[in-house]
Amino acid sequence: MRHFIFLKVIPYFIFSLFFIFTGCSLKYPIVEAPEVEAVSVKIEEEMRKTIVANALKYLNKKDGRDCSGFVSLINSKNGEPYYKISELSNFFTNDYRSKAIYNVVKAGARITKKEIPQIADLIFFSDTLEKTKRNVGTTNITHVGIVTKIDEDGTIHFIHHSRGKNIMGAMNEKYPEVAKLKDKNINTYMKKCDPKKPKQECLSPFFFTAYGGIEKNFKL
């Protein structure tokens, strides 16, 4: 009888040992670093999509009153992804808020001139005012928008405040001399085009200065 009880207990004992040594690893699997990184990238992608979606809610509306006012509005409505509102006043070097925004983003090492930005990045232009002459190579920032889409052909779409409302713009540095390519708008006119000037001096690539990223480690 004792032998029978002993034989019945052994399987339960072995099962208990198996549970002890394997239970934790089954309940709490080790997450590899690449997997954590992939999750982080996915979160940032969704965050950028949210910022763009919120910006597009103001398309064809007058909110913001000017280009930098529109960017400031989106910055405020999305938890300040571009700059802290309380800090912006420290970065004015002239009367243009667009230049101050550029300065604060540059101070955070988030300015880049790479060919392909990410959606929700800022896009800066220089010397876009009617009375200013473009001095290529300078950073006389006078206009700013928000990147909303990047096409496979390299066309960058952005929302910006111009002509009294928030509209869509486009820029393709591969084809800086044309506004349309195969009936597709690829470059926006940033100024009224003087017939005496080359057409390319009126289009967005001529005035483009840089892209500006969101705050590092920013979370909505």
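Since every read-out is calculated from the coordinates, none of them should be taken as a lab result. All values reported here derive from a predicted model rather than from experimental measurement. Positions of Cβ are generated from backbone atoms using ideal geometry, with glycine treated the same way; all protein chains shown enter the neighbour counts.
Tabulated data
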| read-out | value |
| --- | --- |
| In the stretch 39-94, chymotrypsin sites (Phe, Trp or Tyr not before Pro) in a DSSP loop with at most 14 other beta-carbon atoms within 10 Å | Phe92 |
| Nitroxide proxy distance, nm - points 7 Å out along Cα→Cβ at Lys216 and Asn60 | 4.1 nm |
| The stretch 134-175: trypsin sites (Lys or Arg not before Pro) falling in loop per DSSP and having at most 15 other Cβ within 10 Å | Arg163, Lys174 |
| Within the stretch 51-132, GluC sites (Glu not before Pro) in DSSP loop having at most 14 other beta-carbon neighbours inside 10 Å | Glu115, Glu130 |
| Violating pairs (Cα-Cα greater than 30 angstrom) within the set Lys199/Lys219; Lys165/Lys197; Lys77/Lys199; Lys42/Lys165; Lys191/Lys219 | Lys199/Lys219; Lys77/Lys199; Lys42/Lys165; Lys191/Lys219 |
| Phi-based couplings in Hz for the stretch 42-54 (Karplus 6.51, -1.76, 1.60; Gly and Pro marked x) | 4, 4, 5, 4, 5, 4, 5, 4, 5, 4, 5, 4, 5 |
| Sequence-distant residues sharing a close amide H with Thr209 (under 5 Å, placed H) | Phe124, Phe125, Ser126 |
| Sorted by Cβ neighbour density within 10 Å, fewest at the top, the residues Asp127, Asp153, Asp63, Asp183 | Asp183, Asp153, Asp63, Asp127 |
| 3J(HN,Hα) from dihedral phi, the stretch 193-210, Karplus parametrisation 6.51/-1.76/1.60, rounded to Hz, x for glycine, proline | 8, 6, x, 7, 9, x, 4, 5, 7, 10, 9, 3, x, 5, 9, 4, 10, 5 |
